[in-house]
Structures are given as C-alpha cells and as structure tokens.
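Colleague: Following this message is one structure expressed as structure tokens.
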Amino acid sequence: MVRCLLVDDESPAIDLLKNHIEMLDDLEIVTSCYSAVEAFEVIKKEKIDLLFLDIEMPVLKGLDFLKTLQHPPKVIITTAYREYAIDGYDLDIIDYLLKPISFDRFVKAVDRYYERIQATLSPLVEQKPNDTFFYVNVNKKHIKIIFDEVLYIESLKDYVKIHTIHQKLVVKSNIGKIETQLPSTLFLRTHRSYIVAINKITAYTQKDIEIGKIEIPIGSSYSSKVFTSLSHT
C-alpha cells in the first residue's frame, strides 16, 4: 500500500482528497494535517510514501516546508494558485493539482507517482526479454506463474486472486505490487481491481472486457488507456 499524508489548512480540501483516495485500492491515508508544522512531526515518526501538500498555509508555507526536509517523500502539490507551478516543479514534485481537483485529474497524478517509482526501481523489477514467468508466495511456498497461462488478476483488498488456465491462486499482496512484476506488453490494468492478459481478451465494449464468458469491468479512470492500448493490438 502507498502510505499517504494529506496536508491542507482547509477541511473541504482534505475531505475531497480522502474521497478520491478511498476509491483507489492501492492508497491508504496515514493521517491528515492542517499545517506544515503538524506534518513535520508526522514525517519524523511515520513512513510516508506520498505527500499531498497545499502551498498557501499559515505559519509555514508548503514549498518552504518542503525545503526543510532532507529526505522528503514523493510530493503532489495541491493548491488554488496556478502561479506556483514553476516553483513546485523546481522541487522535483510528481505533479501539480489545481483546486478543485477532479477525480480523473487526481488519478493521472497518482499514475505519475507510479511511473516515477517504476523508473526508480527499474533495475530491480524490469523483466528481461526472455523472461516468461514470475513467482508468488503462497503459504511460504514460491510458486511459478507462467505469463502466458494467466487470464486475469483480481484485487481482494489485502489479497489478489490470480486466475490462470489451470488454477486460481490467492496471494497476500496488493494489485499494484503485482502489476510491477508484469510486462506492460502482455498485461493491461483495466480497473482499480483488475489486470487482464491482453492476448486472452476475446471481446470488449465501452464498459467491460470479455475473456470467454468472463466479463471484467473497465474503470472510468482507466478507460482512455485501455482503449488506446487495445486499438493498437
């Protein structure tokens, strides 16, 4: 799970972020703060992966707060002031969200976070051209999963169910972590709870993907990427 900290001096802004985050399985809120001073104390004590940070706050502004952190988490700026964008990017933030933040725009920012993390980890997780499988841990046993045998993968909160041609495996993990082990040329995230094997798709509509008689939903925040990918296959 991606551990998030929300920092904003306005309750409605924090409530909106909470609603957006609750719609994504891979994100969890550690806590929320109404000032950068509070956030500083939280970051000293807690592991934070992703910080949603307002700029205009009393006592200590968001960008000034960032400059005090020696090892800041990844940051997505949230503000009503467009003119701060250049300063924000100078601090190597992930994205800059202008209030009021729509869900679609929020998801794009989160996707950029994952892209940044993937780029950082690429020497560790990148599949070699001749890799045809990956391993999952089930009851302390490492089980080989052949890419070409996977039909789809389903999120079950703290677990994922891997549906293959021969079996169904329940693994204690999250779908975001599993996704990093899969080559994007073979698999496609269609929904916050589903990943499908592209070559097993038999049909699709505006709302779902079919693998034989199985119907898998297409999430609204994933539809653009899904249709773009399928139109090139």
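Colleague: Return the residues of the range 139-153 that are at pLDDT below 85 and in a strand (DSSP E or B); say none if nothing qualifies.
Modeller: If we filter the range 139-153 for residues that are at pLDDT below 85, which is where we start, we get 139-142.
Listed by number, the residues that qualify are Lys141, His142.
So that you can scan it fast, the table gives a plain yes or no per residue for (1) in contact with a His (Cβ under 6 Å, 6 or more places away or on another chain); (2) in a strand (DSSP E or B); (3) surrounded by 13 or more Cβ atoms within 10 Å (Cβ to Cβ); (4) not small (Gly, Ala, Ser):
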| residue | (1), (2), (3), (4) |
| --- | --- |
| Ser32 | no, yes, yes, no |
| Lys44 | no, no, no, yes |
| Pro58 | no, no, no, yes |
| Leu63 | no, no, yes, yes |
| Pro72 | no, no, yes, yes |
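Colleague: Could you give me the residue pairs with C-beta distances under 8 Å whose first residue belongs to the range 204-233 and is assigned to a strand (DSSP E or B), whose second residue is among the hydroxyl-bearing types (Ser, Thr, Tyr) and exposed (fewer than 11 other Cβ atoms within 10 Å of the Cβ) wherever it lies, and which are 6+ apart or on separate chains?
Modeller: So the pair list comes out as Glu210/Thr202; Ile211/Thr202.
Colleague: Give the residue that is surrounded by the most Cβ atoms within 10 Å (Cβ to Cβ), with candidates limited to residues of the range 200-233 that are among the small types (Gly, Ala, Ser) and within 21 Å of His20 (Cα to Cα). Break it down into steps so the answer makes sense when it comes.
Modeller: Start the filter on the range 200-233 by keeping residues that are among the small types (Gly, Ala, Ser), which leaves 203, 212, 219-221, 223-224, 229, 231.
Checking which are within 21 Å of His20 (Cα to Cα) leaves us with 219-221, 223-224.
Working: Gly219: 17, Ser220: 12, Ser221: 19, Ser223: 15, Ser224: 11.
Ranking the qualifying residues of the range 200-233, first place goes to Ser221.
Colleague: While we're looking at this one, here's another question. Please tell me if Val136 is surrounded by 17 or more Cβ atoms within 10 Å (Cβ to Cβ), assigned to a strand (DSSP E or B) and modelled with pLDDT under 90. It would help to see each step written out before you state the result.
Modeller: Working: surrounded by 17 or more Cβ atoms within 10 Å (Cβ to Cβ): yes; assigned to a strand (DSSP E or B): yes; modelled with pLDDT under 90: yes.
It is true that Val136 is surrounded by 17 or more Cβ atoms within 10 Å (Cβ to Cβ), assigned to a strand (DSSP E or B) and modelled with pLDDT under 90.
Colleague: A follow-up question, please. What's the total number of residues in the range 154-182 that are part of a loop (DSSP other than H, G, I, E, B) and surrounded by 14 or more Cβ atoms within 10 Å (Cβ to Cβ)? Give the derivation first.
Modeller: Kept after step one, since they are part of a loop (DSSP other than H, G, I, E, B), are these residues of the range 154-182: 157-158, 165-167, 173-174, 180-182.
With the extra rule that they be surrounded by 14 or more Cβ atoms within 10 Å (Cβ to Cβ), the set shrinks to 173-174, 180-182.
Qualifying residue count for the region: 5.
Colleague: Something else about it: When you check Leu188 against the structure, is it assigned to a loop (DSSP other than H, G, I, E, B) and surrounded by 19 or more Cβ atoms within 10 Å (Cβ to Cβ), yes or no?
Modeller: Working: assigned to a loop (DSSP other than H, G, I, E, B): no; surrounded by 19 or more Cβ atoms within 10 Å (Cβ to Cβ): yes.
It is false that Leu188 is assigned to a loop (DSSP other than H, G, I, E, B) and surrounded by 19 or more Cβ atoms within 10 Å (Cβ to Cβ).
Colleague: Suppose the filter is at positive phi and basic (Lys, Arg); does Lys144 pass it?
Modeller: Numbers: at positive phi: no; basic (Lys, Arg): yes.
Considered against the rule, which asks whether it is at positive phi and basic (Lys, Arg), Lys144 comes out as no.
Colleague: Can you pull out every residue in the range 103-133 that is of a type outside the set (Lys, Arg) and either modelled with pLDDT of 85 or more or in contact with a Pro (Cβ under 6 Å, 6 or more places away or on another chain) (or both)?
Modeller: Phe103, Asp104, Phe106, Val107, Ala109, Val110, Asp111, Tyr113, Gln127, Thr132, Phe133
Colleague: Further question: Out of the residues in the range 191-216 meeting the condition of being under 15 Å from the mean Cα position of the chain (by Cα) and at pLDDT below 95, tell me which one is nearest to Ile143 (Cα to Cα). Please lay out each step first, then the result.
Modeller: First pass over the range 191-216, keeping only residues under 15 Å from the mean Cα position of the chain (by Cα): 191-195.
Then drop every residue that is not at pLDDT below 95, which leaves 191-193.
Numbers: His191: 25, Arg192: 25, Ser193: 22 Å.
Step by step, filter the range 191-216, then rank; the result is Ser193.
The values are calculated or read from the model by the stated rules, or taken from the named source; none is laboratory data. Keep in mind it's a predicted model, so treat the numbers as computed, not measured. A quick note on method: Cβ atoms are made from the backbone with ideal geometry, for glycine too, and the neighbour counts reach across all protein chains shown.
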